[in-house]
1. Which order results if Y625, Y225 are arranged by neighbouring Cβ count within 10 Å, fewest first?
2. Any idea what Rg and Dmax come out to for segment 487-564 if you just take the C-alpha atoms, in Å?
3. Note the angle between two axes, namely the Cα long axis of helix 569-581 and the longest principal axis of the Cα atoms of the chain, as a number of degrees from 0 to 90, rounded to the nearest 10.
4. Any chance you could give the angle, 0 to 90 degrees and rounded to 10, that helix 409-421 forms with the longest Cα principal axis of the chain?
5. With +1 assigned to the C-beta of every Lys and Arg and -1 to the C-beta of every Asp and Glu, and no other charges, what is the dipole magnitude of segment 445-580 about the Cα centre in debye, to the nearest 20?
6. 222 nm [θ] for the chain, helices only, -39500 (n - 2.57) per DSSP H run of 4+, per residue, to 500?
7. Please state the relative contact order of the chain as a whole percent: Cα pairs under 8 Å, 6+ residues apart?
8. Spin-label point model (7 Å from Cα, Cβ direction): what's the T710 to E510 distance in nm?
Amino acid sequence: MGSVWAPLPAGLNPAARRLVGELRALKTDHNLSLAQLSASTHYSRASWERWLNGKRLITRHALTAVATRFGADLVLLITLLGEASLDEEADREAAPEVLAASADASAQDDVPVVIAQLPASVSDFTGRCAQVEDLSAALLPGTGDPGQVSIAAVTGGGGLGKTTLAVHVAHRIAERFPDGQLYVDLNGAFENALTPETVLGQWLHVLGVAPSELPSGLEERAALYRSLLSTRRVLVVLDNARDAQQILPLLPATNECAVLITSRSRLAELPGAYKLSLTSLPDDEATILLAQLVGAARLAAEPEATAELLRACDGMPLALRIAGARLGARANWAVSTLARRLSDRRRRLDELAIGDMAARASFDVSYAALAKAGFDGALSLERAFRLLGLACGPDISLPAAAALLDLCEARAELVLEALVDTHLLESPEPDRYRMHDLIRLYAAERAMAEESEQARALAVSRLIGWYLVTAANTHAMLSPQSRPIPLGDLAPEPPAPVFASYQEALDWCERERASLVAGVIQAAEAGLGEYAWKLAAAMLGFFNARRYLADWTSTHLAALAAAQSIGDLVGEAWMWNNLGFVYFYWEETEHKALESFERSHELRVRLGDRLGEAIALNNISGAQYRLGDHAEAISTLDKAMRIREELGDMMGVGMACLNIGTVYSDNGQNAQAELYLLRALEIVDELGAEQLKLKTLNTLGAVYEAIGETAVAKKYLYAALELGSELREVDGEATALQKLAKLHAADGDRSTAIEFWQRALGLYERFNDSEAEIVRAELAAASR
């Protein structure tokens, strides 16, 4: 706070005058009021008014408290205090007030030092129960070897509440340490980080060492410090440490003491410490913290807006406190008002600021520290951090990150692990990385500010290209009957993995699902229309197998728009075709499906794409059949099959035979159905098209059931059940179970029938399939 200082007493000696000047400068530099000085040092406002105006000489303990709290030069201040006291005794003309102060100071120095430097704990500390207990257990004095001090380190990125947690725990266990608590903010993330020599100089004075007896070197100070603590039980709190080198000289050497550390660094090299890596608050604890700041009733009145607000803060205590403070200061705001403002990702970091609290400022500190990390790698940590902000999914694998960063996997791993050490990146499992959502927004901001448009576009295209080629490799395994994705000469680095089995390909798609979906949207928004539609097309087999209908629709609509925007007729034809499947199989809107397939067919004809034309005809026939035009459906399928035969496409011929056989089966024309289905089974079995084989087996089972050949029907259906389970193809497995249940019920095997209906119901319910209602009714009837 700006101050108009009163003139100092005329008789004040030079050392006292200079001491008051130093204290006044400290107050001005830190923009402090008298009330803030009082709260920070636990000395009254009136005392500070007297000390700052030279009416009394400040006490040694008050001087130590203010210097320690605000990082002042305690050695200089104590020296000035000593000189001022000596001068007073010699100077008989000094003002009476100052002489009284000297006596007061002498009396105070006779009082035994009680070390109690911990800052106040926040009144609304919430959650972290398990972490509090673990830290408390790790800081028991008198355990371990005699010379082994108990150490606990709380590490994590900015804004996660490391200091709040550490101070809370320190107060909780303070009674274990009757000789007091030493505390220092080491400013490790800033340019003006305290040196161990400075901290030891301050603490040695607190421990009773006179300025004249203070050693000058680090090793000598550390040795004296350890000696003084060797007979005491003291808790040492080292807040905001930079690295182990800053910490090691400050460690006691007795098991009667304990050390609690916070740091943005992982402190991997710190020996013998219990390490707690702090993460975001879980949803329940985040809700409690926000409720304490805003009021539970206010949140309960708007549950949807509260949930949106919590998602935006992503469990970061700093963000929650800022959001709570903003709402607390604006009683006329609804929760939805702030939630809506935070929903705009481009403005979110701007909105998360109030007073001296700002999420962006916290991230600035960590980002600036990257330049000082001393990392000698193929890519600077700052640039790697920026580029990772461009990643499309919620997390990223090591190979995908290597593609984004334009590094080989080995070099990429070094960079990524170095960022993990700074807590700007997390590694939830080996070779997989993620950023807190707010940190990702910050990284993207830095990329926009510091990377050229060309550099950003190249990085995104490298990443999406890697996903595209890898997804295309899964498509070849999951949907071998489908047309291969046209990749041209695209060859990403590192090379995209290939898959040895259907299961391996399916598992990769499951792990990368969110990133693949986000990749399509990002490619579409970034003007990479060709990548967008090809990546969407490459996921068709996966979406179909796992029934991810919302992802299927959103990716293909975005990719369709992207293809249309660049006039890519091939991409448009692919997307219309694949969207038709969604409408046909899952939404059961046959007219919409027929329209989509016909649009794809028109484009294929314009392009002179005979194979694409046959594919479209095959799909059109299915919609025609669903709409009741069975004869037209057979005719259209026949046209498709003739094109396939003309092209020598045996896979296509097999698909056409399966579809024709299915139409005949559904019409009760089982003799014709049997001929086409047996030919289809022969072809797809020889070609190894497992999904088509599964459908053919189920349809043959239905045909033989219809003509009364129960044993043959069971043979095909059990084969379908085994293959469906192996492929984890829900629809095929559930269909086989449902048909077998009916056959066993007809044979009088009620227990097996009920078991199969129950298994089928579980599969249908998992994906909210409408067939579940039919199975439920069949099961209920059989259970009576």
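Here, each number is a calculation from the coordinates, and none is a lab measurement. Keep in mind the model is a prediction, meaning the values are calculated, not measured. Please note: Cβ atoms are built from the backbone with ideal geometry, for glycine as well, and neighbour counts cover all protein chains shown.
1. Ranking Y625, Y225 by Cβ neighbours within 10 Å, fewest first, gives Y625, Y225.
2. Cα-based Rg and Dmax for segment 487-564 come out at 12.6, 35 Å.
3. 80
4. The angle comes out near 40 degrees.
5. On the way: 9 positive and 15 negative charges, 83 e Å.
Once rounded to the nearest 20, the dipole reads 400 debye.
6. The helix contribution divided over the chain gives -20000 deg cm²/dmol.
7. So the answer I get is 6 percent.
8. With each label placed 7 Å out from Cα toward Cβ, I get 3.7 nm.
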